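The values are calculated or read from the model by the stated rules, or taken from the named source; none is laboratory data. Every value quoted in this text rests on a predicted model; they were computed, and no experiment measured them. Cβ coordinates were reconstructed from backbone atoms using ideal geometry, including for glycine residues, and neighbour counts include every protein chain displayed.
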Amino acid sequence: MDHRFAVRVYYEDTDMGGIVYHANFLKFIERARSDWVAEMGIDQLAMRDHDGVVFAVHRIDAEFIKPARYGEDLEVRTGVASLTGARLVMDQVVWRGDERLFAAQVTAACMTLEGRPTRLPDQIRQLAE
């Protein structure tokens, strides 16, 4: 599966030099993951309220390859790298046209509201596999 999410770089995303501040790449990929889950028809608030289950980022391995700048149109591409009982590992890359700017592998853990690991809901497993 390859989800694509458009991002426009605004002034607030940049530093004094007009270059995207490094932490904002994490915001871009978070928005893309949220959009991907919503497009699969999964309501995370309902999942929390009905099943008592939430996702939490467990690990991010990130590589900053090239800068992005104010006013540019970017695209975040997200795909499933692997799936285990309670974890979903995603590859996410930020592109400007055909240039890779940022790459990350994100591990999200499925947890109860009390913070204990729990199996991914079947609905998530079926949609992400």
Identify all residues within segment 50-86 that are of a type in the set (D, E, K, R) and part of a strand (DSSP E or B); write none if there are none.
59, 61, 63, 69, 73, 75, 77
Hey, residue 120 hits all of (1) surrounded by 12 or more Cβ atoms within 10 Å (Cβ to Cβ); (2) of a type in the set (A, V, I, L, M, F, W, C); (3) modelled with pLDDT of 90 or more; (4) farther than 19 Å from residue 5 by Cα but one; which does it fall short on?
(3)
Looking at 8, 96, 59, 4, which is the one that is over 30 Å from residue 119 (Cα atoms), modelled with pLDDT of 95 or more and surrounded by fewer than 16 Cβ atoms within 10 Å (Cβ to Cβ)?
8
Is there a residue in segment 32-44 that is touching a Ser or Thr at 6+ places or on another chain (Cβ under 6 Å) and assigned to a loop (DSSP other than H, G, I, E, B)?
no
May I ask you to list the residues in segment 17-31 that are part of a helix (DSSP H, G or I) and among the hydrophobic types (A, V, I, L, M, F, W, C)?
23, 25, 26, 28, 29
